[in-house]
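*Asks:* Provided herewith is a single structure, encoded as structure tokens, for subsequent inquiry.
The values are calculated or read from the model by the stated rules, or taken from the named source; none is laboratory data. Remember, it's a predicted structure, so these values are computed and weren't measured experimentally. All Cβ positions, even for glycine, are placed from backbone atoms using ideal geometry, and neighbour counts span all protein chains on display.
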Amino acid sequence: MATFGIVAASSILFCSKGVVAKLAYAQGTDALTVLTLRMGFALPFFVAMAIWWSRGAAPLSLGDWARLAGLGFLGYYISSLVNFTGLQYVSVGLERIVLYTYPTMVLAISAFVLRKPIRGATWAASGLAWLGIVVAFVGETHAPVANDRTLLGAALIFASAFTYALFILMSGGMIRRVGSMRFTGIAVGFSCVFILVHALATRPASHLLELTPSVYGEGLILALLGTVAPALLLSVGLRRTTPQRFAVIGTVGPVTTLFLAWAVLGECPNAAQALGFALTLGGGLAVSLIKERAPKASAKTECDSLETS
């Protein structure tokens, strides 16, 4: 029961960040401002994590540092930036639907780029997930909150899912080399620095001192409950269960997000959106479960990938 609570809490906290970001957007802030507060508040925790888990560990080479910086740039800088930007134009529900296709993107890249054999059942599950996106997007365009930038928002979030899929595929070797917690502390720490540099290079620093107290509070919530806590719980949860059980329990997060979006933001999905969500969630989950039945080496790779999500 404790394992279920740890994994479920990690998924719920991670998935609910879109709801908190929407609350900040409603007060006139933009994606970069919200992301800067999130990463700025989170940076000290990831620095501390990197220092703590580096004690007694083998020193990193310049090449290791460069690879970690590159992964941080790709995974939690580019991916987060386009995700938070796209979230300004679509509902939290559609954002979760599109993001949840990253397992099928990992599958496609593995098949067409890495030339790994993929089961027919896995392709069928992937097709189900993509059908869900189409259905949900059609539902979104007919929802009361639809706007002329809905397509742009969906495309940006798709780009976020794609870059995150690349991050997962490229992270496995470094995780095995440096350890999951050390990897998370350093890679995400680099991401925080990249976001802060981006913000300071594109707008005056005084901008961050002119926000309302509630926006600072939402930025702190995003940092602690939407970033740091899920990362720690994720690492603990993966050590207490298998990737298969993790995938099953982790579906609590996207489902809970829909209820949070309804309760906090008043986002009530129509029938097409609900159907699309169910199809995508089912397809993405099936991809994870089918991959788990592959040989043990593949299961190990999947576990290493999940530790970075």
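*Asks:* Checking residue 276 against (1) modelled with pLDDT under 80; (2) under 30 Å from residue 140 (Cα atoms); (3) over 16 Å from the mean Cα position of the chain (by Cα), only one condition comes out false. Which one?
*Replies:* (1)
*Asks:* Here's another thing I want to ask about it. Look at residue 34 and say whether it is at pLDDT 95 or above, part of a helix (DSSP H, G or I), in contact with a Leu (Cβ under 8 Å, 6 or more places away or on another chain) and of a type in the set (A, V, I, L, M).
*Replies:* For residue 34, the condition - at pLDDT 95 or above, part of a helix (DSSP H, G or I), in contact with a Leu (Cβ under 8 Å, 6 or more places away or on another chain) and of a type in the set (A, V, I, L, M) - is met.
*Asks:* Given the conditions (1) under 23 Å from residue 108 (Cα atoms); (2) in contact with a Gly (Cβ under 8 Å, 6 or more places away or on another chain), which single one is not true for residue 192?
*Replies:* Evaluating residue 192 over (1) under 23 Å from residue 108 (Cα atoms); (2) in contact with a Gly (Cβ under 8 Å, 6 or more places away or on another chain) leaves (1) as the failure.
*Asks:* While we're looking at this one, here's another question. Consider the range 234-249. How many of its residues are modelled with pLDDT of 65 or more and within 25 Å of residue 129 (Cβ to Cβ)?
*Replies:* Summing the residues that are modelled with pLDDT of 65 or more and within 25 Å of residue 129 (Cβ to Cβ) in the range 234-249 gives 2.
*Asks:* Those residues that are surrounded by fewer than 18 Cβ atoms within 10 Å (Cβ to Cβ) and either of a type in the set (Ser, Thr, Tyr) or in a loop (DSSP other than H, G, I, E, B) (or both), I need them from the range 56-78; list them, please.
*Replies:* Those that are surrounded by fewer than 18 Cβ atoms within 10 Å (Cβ to Cβ) and either of a type in the set (Ser, Thr, Tyr) or in a loop (DSSP other than H, G, I, E, B) (or both): 56, 57, 58, 59, 60, 61.
*Asks:* Okay, moving on. In the range 2-23, is there at least one residue being under 16 Å from residue 175 (Cα atoms) and either free of Cβ contacts under 8 Å to residues at least 12 places away in the same chain or in contact with a Cys (Cβ under 8 Å, 6 or more places away or on another chain) (or both)?
*Replies:* no
*Asks:* If I filter the range 102-109 for residues that are surrounded by fewer than 22 Cβ atoms within 10 Å (Cβ to Cβ) and free of Cβ contacts under 8 Å to residues at least 60 places away in the same chain, do I get at least one hit?
*Replies:* Yes, because at least one residue in the range 102-109 is surrounded by fewer than 22 Cβ atoms within 10 Å (Cβ to Cβ) and free of Cβ contacts under 8 Å to residues at least 60 places away in the same chain.
*Asks:* Residues that are surrounded by fewer than 23 Cβ atoms within 10 Å (Cβ to Cβ), among the hydroxyl-bearing types (Ser, Thr, Tyr), in contact with a helix residue (DSSP H, G or I) (Cβ under 7 Å, 6 or more places away or on another chain) and farther than 19 Å from residue 231 by Cβ: does the range 140-149 have at least one?
*Replies:* yes
*Asks:* In this structure, does residue 3 turn out to be modelled with pLDDT of 95 or more and among the hydroxyl-bearing types (Ser, Thr, Tyr)?
*Replies:* So residue 3 does not fit the description; no.
*Asks:* Residue by residue through the range 252-272, note down the ones that are at pLDDT below 75 and surrounded by 18 or more Cβ atoms within 10 Å (Cβ to Cβ).
*Replies:* 253, 254, listed by residue number.
*Asks:* Can you name the helices (runs of 4 or more DSSP H) wholly within the range 79-162 that have at least 1 residues being within 20 Å of residue 32 (Cβ to Cβ), modelled with pLDDT of 85 or more and within 19 Å of the chain's Cα centre (by Cα)?
*Replies:* 79-86, 92-99
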